[in-house]
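The values are calculated or read from the model by the stated rules, or taken from the named source; none is laboratory data. Computed from a predicted model, the values in this text were never measured in an experiment. Virtual Cβ from ideal backbone geometry, glycine too; neighbours counted across all protein chains shown.
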Amino acid sequence: MNIETNFGRLHGLPFRHLCLVNLMAHDCVIWGRGSNASMDSVSRVYPCGVEARCAKVAQEPVILDDEQWFDVQGPSVLGDVIDLPDPVPGVLFIVSMAVRMKSGRDDLVSPGPSVVVDGLTVGCRGLVANDPSKFRKPQG
């Protein structure tokens, strides 16, 4: 797979010295730039066995027409991030978008836009960071 080498620039390391650790419950299948249905430029990162996630926060019910309804939308339902290891030099942790955004850390990435083949989601197009400027190639 030809993932852009600028991922390694977060810690000043070339990509070959950077480790991706998947902290999600499922495989992260990353499709390279420009790859379509070809599996030639696909990389699969298996879960490491630890799942970083946001704790669930109970909300007070909203009463409508004598029935209880729960408002479960919005950032107010996201609790603290749990089971997220401390930063490690040379490591990018793959986490859900909720964990990445809630934590705000620079060493976290989440799956990019979905790759859909024949109506099925088969992976993602790259990885998304909180601050993409940290991954840009230096000018010059």
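At-a-glance table
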| read-out | value |
| --- | --- |
| Which numbered condition ASP86 misses (of (1) modelled with pLDDT of 65 or more; (2) surrounded by 12 or more Cβ atoms within 10 Å (Cβ to Cβ); (3) farther than 18 Å from SER114 by Cβ) | (2) |
| Residue ID - farthest from VAL42 (Cα to Cα), chosen from residues in the stretch 97-116 that are buried (at least 17 other Cβ atoms within 10 Å of the Cβ) and hydroxyl-bearing (Ser, Thr, Tyr) | SER103 |
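Matching residues to (1) of a type in the set (D, E, K, R); (2) in a loop (DSSP other than H, G, I, E, B); (3) within 18 Å of ALA25 (Cα to Cα); (4) in contact (Cβ under 8 Å) with a residue 60 or more places away in the chain:
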| site | (1), (2), (3), (4) |
| --- | --- |
| GLY79 | no, no, no, no |
| ASP86 | yes, yes, no, no |
| PRO89 | no, yes, no, yes |
| PHE93 | no, no, yes, yes |
| VAL99 | no, no, yes, yes |
| SER110 | no, no, yes, no |
| VAL116 | no, no, no, no |
| THR121 | no, no, yes, no |
| LYS134 | yes, no, no, yes |
